[in-house]
Amino acid sequence: MEIPSKYNPAEVEDKWYQYWMENKFFHSEPDEREPYTIVIPPPNVTGVLHMGHMLNNTIQDILTRRARMLGKNACWVPGTDHASIATEARVVNKLKNEGISKFDLSRDEFLGHAWEWTNKHGGIILEQLKKLGCSCDWDRTAFTMDEVRSESVIKTFVDLYDKGLIYRGVRMVNWDPAAKTALSDEEVIYKEVQSKLYYLKYQIEGSNGEFVTIATTRPETILGDTAVCVNPNDPRFTHLKGKRVLVPLINRSIPIIEDEYVDMEFGTGCLKITPSHDVNDYEIGLRFNLPSIDIFNEDGTMSEAAGMFVGEDRFAVRDKIMVDLESAGNVAKVEDYNNKVGFSERTHVPIEPKLSAQWFLKMDTLIKPATENVLNDTIQFYPPKFKNTYRHWMENIKDWCISRQLWWGHRIPVYYLTDGGFVVAESDEKALALAQAKTGNADLSMTDLHQDEDVLDTWFSSWLWPISVFDGISNPDNKEINYYYPTNDLVTGPDIIFFWVARMIIAGYEYRDLFPFKNVYFTGMVRDKQRRKMSKSLGNSPDPLDLIDTYGADGVRVGMLLCSPAGGDLMFDESLPQQGSGFVTKIWNSFRLVKGWEVDSKISQPEHSKLAISWFHEKFSQIVEQTDDHFDKFRISDALMNVYTTVRDEFSGWLLEMVKPAYQQPIDGKTYEELIDIFDEVLRFLHPFMPFVSEEVWQLLKERKQGDSITISSWPKSTGYDETLIAQFEDVKEAIAGLRTIRTKNNIPNKDQLELSIMLGDKGYAPEFNSVLVKMGNLSALNLVSEEAKLAASFLVKSTTFFVPIGGAIDVEEELKKLQVELDYTKGFLNSVMKKLSNERFVGSAPEAVVAIERAKQADAEAKIKVLEEQIAGLR
């Protein structure tokens, strides 16, 4: 078999992904095995793969592949989100470029264009995830607006309405003038902006030029003012009680009212009240029964009710009205001012508080089990710090505005009658039947009903995702929902902890009386090395597919995880996938090395090879146990680092070097067969992280048959390990490193053999590993001595001294310097240990095993100091 000198990621990745798909290794059906279920956070149909998707889906794939190898029935459900606001904006823009306005089309005509766009672009990101190696059950691909999910959403709305939890009301909402729709509080991003604070004078009605001054950041809204408010405890304004003022420019007479809400220290202490365009003003308006004047159109232009600047944009009017106010003598002063302004998460324009009739979901009773079961760790957050964020939001939750003034989405199942009443139903047929019963008019037809024009918030579909992907809303007792629900793990970003995570938990308890997932792993944000968020506008976000083309999917996966602690931001640099790609090359070269050896089954196994293989089995079992513990605690990056160092150091750096036959000599058959079995196990350990290279090497390592795959092989098991043997071998490795240092410092070629003398201490040497020392050190002799060797380079392993005679070549001054540095370091180390042991609190509260380790460190350091001091004295 000719093994290529270089690994070709593109060729290998396409080949094996197709093989996995053809053999349906990722497909799951309910059976007798323990299920492992994970649902993908559905990316928007408008989306393409970005760095955040790469990180999130790499982690999900690692968890899924490992679960599959643990013998579980792994089911990773993929899908996409219809993304009402973003998708409608894309379609509107596309039509605009074609000379078509949305408002020249009927609803059905527009939806035809939206579906056409979705069908063309909606699957792009899922295809890109295949390039990353994601082992989703693609047969289960769901879409939040497909038939099953749509039926679930509508059924849920009707159910919650029937329970009295959904209501229609006029409320102050966050209005997006670009998308022309209401937004929930969670869809508003507050940013600090440089504004102006305008001090405007309002004349007191009936006075001779007497004014009150108010301060505002939004002078254009004075056209909607219906009162001026002062604090009743403010002595500056007691004389104004019961008086009225005139709104500048339009001379509307409005009352001066008193409310303790007003901050006497802010601005002038006088507050203009605009109930239609400020949340707090709206509340004051309700208390004082003030009229509300809506001065803005849906697109943020001035309405007829404004009386001035009708049809002009709100921000253009801000500049124009200040000119008019200045001319009228109503401007006292203008100051620079920094304040927080709410922006739409989707369209990035400043939102407008606006009174609007919307549909709301009552949250106060729904949230109780969802709050309790996160705080008591029934559902566990990783890292747990996000529990506080979650608790704070739940304790301050408001009713959820679930209606959106869009066409793309789930149309609200409310049907209005001509008399102003309405019915709520899952279909036209059911609505008509309800309407006929409600009115007592059996002659009513669908032409007498009109369905609500609005659609539901996108999150109203995705909050059902862990249930609806298994059709658990419409068919709550079906085989799949009973088998796969609750899911095991959710991997997501903390930025959607409110939008999605909290709401899924709420829905889980409402509709299954059970959590939707047991664990939530929060990834950090992917940033560049300057700690900036990656974005197209900054030009600092590489195209993930370009990275895969350059470094291979395995290289990118490893690169993403090398510095990605749970909940911590990932500082991405292209050196990371480059390092991952180098690791792939290391694995490939190790494989080529082993397969390049000639095997002679007649040769008996050397002692050093037997010891090396015995050591590796013990060490690998220990590492697997540690890695399983990392997985249990969702320390995914730590698990990868275990795998990385095991392959790079223990396997390639030590084991292969120890069993490698002499130049142009064959390897014995027993060692070779045992080594191939170990390589097989190492590849399985590697597979969840690096699926492609592990499959390629695994398939070539031994003879395989059609249908075999590392994907469905077993995850390595820890079967216990000999800690003493592992510790002894660490001493051997340290001795070999010492020998290599002597060769380097004294320019002794590796092919030249060395003599080694050993002066025993109480630790640091085990004679049973002599054959390994002889092989790795290329020793001609190994002797035990009772006194220090003269004219010899030396090093210590714990309290045992190793000497390599090098005759007159030894530099006594250099050797003394080296020993003094080691002595100073060891004394410093002993000092740090003694500080711990002299701390009564530490000794009294730490576990006995921990204290014992520190005492062992003390004894080792003291023994080493004694030997070093004796060596220094002997050289002087």
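Filtered by the rule that a residue be open to solvent by less than 90 Å² (accessible area, probe 1.4 Å) and not in a helix (DSSP H, G or I), region 7-27 gives Tyr7, Asn8, Asn23, Phe25, Phe26, His27. Taking the conditions exactly as written (assigned to a loop (DSSP other than H, G, I, E, B), without any contact (Cβ under 8 Å) to a residue 24 or more places away in the chain and either in contact with a Leu (Cβ under 8 Å, 6 or more places away or on another chain) or surrounded by fewer than 20 Cβ atoms within 10 Å (Cβ to Cβ) (or both)), does Asp471 satisfy them or not? In short, no. Considering the conditions (1) within 30 Å of Tyr167 (Cα to Cα); (2) of a type in the set (A, V, I, L, M); (3) modelled with pLDDT of 95 or more, Ala357 is excluded by exactly one of them, (3). Every condition in (1) out of contact with any helix residue (DSSP H, G or I) (no Cβ under 7 Å at 6 or more places or on another chain); (2) of a type outside the set (Ser, Thr, Tyr); (3) closer than 21 Å to Ala142 by Cβ; (4) assigned to a loop (DSSP other than H, G, I, E, B) holds for Arg33 except the one numbered (3).
Matching residues to (1) touching a Cys at 6+ places or on another chain (Cβ under 6 Å); (2) farther than 24 Å from Val584 by Cα; (3) modelled with pLDDT under 90; (4) surrounded by fewer than 24 Cβ atoms within 10 Å (Cβ to Cβ):
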site	(1), (2), (3), (4)
Ser535	no, yes, yes, yes
Leu538	no, yes, yes, yes
Pro542	no, no, yes, yes
Leu545	no, no, no, yes
Thr550	no, no, no, yes
Ala553	no, no, no, no
Val558	no, no, no, no
Ser564	no, no, yes, yes
Gly567	no, yes, yes, yes
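When Asn750 is tested against the conditions (1) in a loop (DSSP other than H, G, I, E, B); (2) surrounded by 14 or more Cβ atoms within 10 Å (Cβ to Cβ), the lone failure is (2).
Look through region 262-273, keep the residues that are touching a residue at least 12 places away in the same chain (Cβ under 8 Å) and surrounded by fewer than 13 Cβ atoms within 10 Å (Cβ to Cβ), and return whichever of them is farthest from Ala215 (Cα to Cα). Ranking the qualifying residues of region 262-273, first place goes to Asp263. Only one residue in Ile506, Ile481, Ile497 is modelled with pLDDT under 95 and among the hydrophobic types (A, V, I, L, M, F, W, C). Which one? Only one candidate qualifies: Ile497. Which residues, counting only those in region 214-261, are among the β-branched types (Val, Ile, Thr), open to solvent by 10 Å² or more (accessible area, probe 1.4 Å) and in contact with a Leu (Cβ under 7 Å, 6 or more places away or on another chain)? The answer is Thr216, Thr217, Ile250, Ile256.
Within region 118-131, the set of residues being in contact (Cβ under 8 Å) with a residue 24 or more places away in the chain and open to solvent by 30 Å² or more (accessible area, probe 1.4 Å) comprises His121, Gly123, Ile124, Lys130, Lys131. Restricting the search to helices (runs of 4 or more DSSP H) fully inside region 496-605 and requiring at least 2 residues that are of a type in the set (S, T, N, Q) gives 575-595. The single condition among (1) farther than 30 Å from Val772 by Cβ; (2) exposed (fewer than 15 other Cβ atoms within 10 Å of the Cβ) that Lys602 does not satisfy is (1). Pairing each residue of region 56-72 that is without any contact (Cβ under 8 Å) to a residue 60 or more places away in the chain with any residue that is surrounded by 22 or more Cβ atoms within 10 Å (Cβ to Cβ), provided the two are 6+ apart or on different chains, yields C-beta distances under 7 Å for Lys72/Tyr36.
Let's see how each residue does on (1) modelled with pLDDT of 90 or more; (2) closer than 18 Å to Trp408 by Cβ:
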{"site": "Gly123", "(1), (2)": "no, yes"}
{"site": "Asp139", "(1), (2)": "yes, no"}
{"site": "Arg149", "(1), (2)": "yes, yes"}
{"site": "Trp175", "(1), (2)": "yes, no"}
{"site": "Ile204", "(1), (2)": "yes, no"}
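Please determine whether any residue of region 175-187 is open to solvent by less than 50 Å² (accessible area, probe 1.4 Å) and in contact with a Gly (Cβ under 7 Å, 6 or more places away or on another chain). Yes, region 175-187 has at least one match.
Pairs meeting the criteria (first residue in region 575-596 and closer than 15 Å to Ala553 by Cβ, second residue open to solvent by 10 Å² or more (accessible area, probe 1.4 Å) and not in a loop (DSSP other than H, G, I, E, B), beta carbons under 6 Å, at least 6 apart or on different chains) are Pro577/Tyr551; Ser581/Tyr551.
Does any residue of region 322-334 turn out to be among the hydrophobic types (A, V, I, L, M, F, W, C), open to solvent by less than 20 Å² (accessible area, probe 1.4 Å) and touching a residue at least 60 places away in the same chain (Cβ under 8 Å)? Let's see the steps before the verdict.
At the first step, the residues of region 322-334 found to be among the hydrophobic types (A, V, I, L, M, F, W, C) are 322-323, 325, 328, 331-332, 334.
Keeping just the survivors that are open to solvent by less than 20 Å² (accessible area, probe 1.4 Å) gives 325.
Then keep just the ones that are touching a residue at least 60 places away in the same chain (Cβ under 8 Å); that gives 325.
Yes, region 322-334 contains a residue that is among the hydrophobic types (A, V, I, L, M, F, W, C), open to solvent by less than 20 Å² (accessible area, probe 1.4 Å) and touching a residue at least 60 places away in the same chain (Cβ under 8 Å).
Just so you know, in region 831-845 the residues that are in contact with an Asp or Glu (Cβ under 8 Å, 6 or more places away or on another chain) and without any contact (Cβ under 8 Å) to a residue 24 or more places away in the chain include one that is surrounded by the fewest Cβ atoms within 10 Å (Cβ to Cβ), and it is Leu837. Pairs meeting the criteria (first residue in region 847-874 and among the small types (Gly, Ala, Ser), second residue assigned to a helix (DSSP H, G or I), beta carbons under 6 Å, at least 6 apart or on different chains) are Ala861/Thr826; Ala861/Phe829; Ala861/Leu830.
Among all residues of region 157-170, there is at least one that is touching a Phe, Trp or Tyr at 6+ places or on another chain (Cβ under 9 Å), closer than 30 Å to Glu88 by Cβ and surrounded by 21 or more Cβ atoms within 10 Å (Cβ to Cβ). Within region 38-74, the only residue that satisfies the criterion of being under 19 Å from Leu640 (Cβ atoms), open to solvent by 30 Å² or more (accessible area, probe 1.4 Å) and not in a helix (DSSP H, G or I) is Leu70. Please find, within region 753-770, the residue that is farthest from Leu656 (Cα to Cα) out of those that are open to solvent by 30 Å² or more (accessible area, probe 1.4 Å) and not in a loop (DSSP other than H, G, I, E, B). It comes out as Met759.
For region 398-421, check the following and say yes or no: at least one residue is at pLDDT 95 or above, open to solvent by 10 Å² or more (accessible area, probe 1.4 Å) and among the β-branched types (Val, Ile, Thr). Within region 398-421 (the criterion being at pLDDT 95 or above, open to solvent by 10 Å² or more (accessible area, probe 1.4 Å) and among the β-branched types (Val, Ile, Thr)), the answer is no, since none of the residues qualifies.
Which ones in region 606-636 are open to solvent by less than 20 Å² (accessible area, probe 1.4 Å), part of a helix (DSSP H, G or I) and within 22 Å of Pro384 (Cβ to Cβ)?
Going through region 606-636, the residues open to solvent by less than 20 Å² (accessible area, probe 1.4 Å) turn out to be 609, 612-613, 615-616, 620-621, 623-624, 627, 631, 634, 636.
Applying the additional criterion that residues be part of a helix (DSSP H, G or I) yields 609, 612-613, 615-616, 620-621, 623-624, 627, 631, 636.
Selection gives Thr627, Phe631, Ile636.
Residues in region 434-490 that are aliphatic (A, V, I, L, M) and within 43 Å of the chain's Cα centre (by Cα): Val455, Leu456, Leu464, Ile467, Val469, Ile473, Ile481, Leu490.
Evaluating Gln194 against the criteria (1) touching an Asp or Glu at 6+ places or on another chain (Cβ under 9 Å); (2) without any contact (Cβ under 8 Å) to a residue 12 or more places away in the chain; (3) open to solvent by 70 Å² or more (accessible area, probe 1.4 Å); (4) not basic (Lys, Arg) leaves one unmet condition, (2).
The values are calculated or read from the model by the stated rules, or taken from the named source; none is laboratory data. If you're wondering where the values come from, they're calculated on a predicted model, not measured in any experiment. Please note: Cβ atoms are built from the backbone with ideal geometry, for glycine as well, and neighbour counts cover all protein chains shown. For the accessible areas, the whole protein counts, side chains as well, though only heavy atoms, and no ligand, DNA or RNA atoms are used. Shrake-Rupley method; radii C 1.70, N 1.55, O 1.52, S 1.80 Å.
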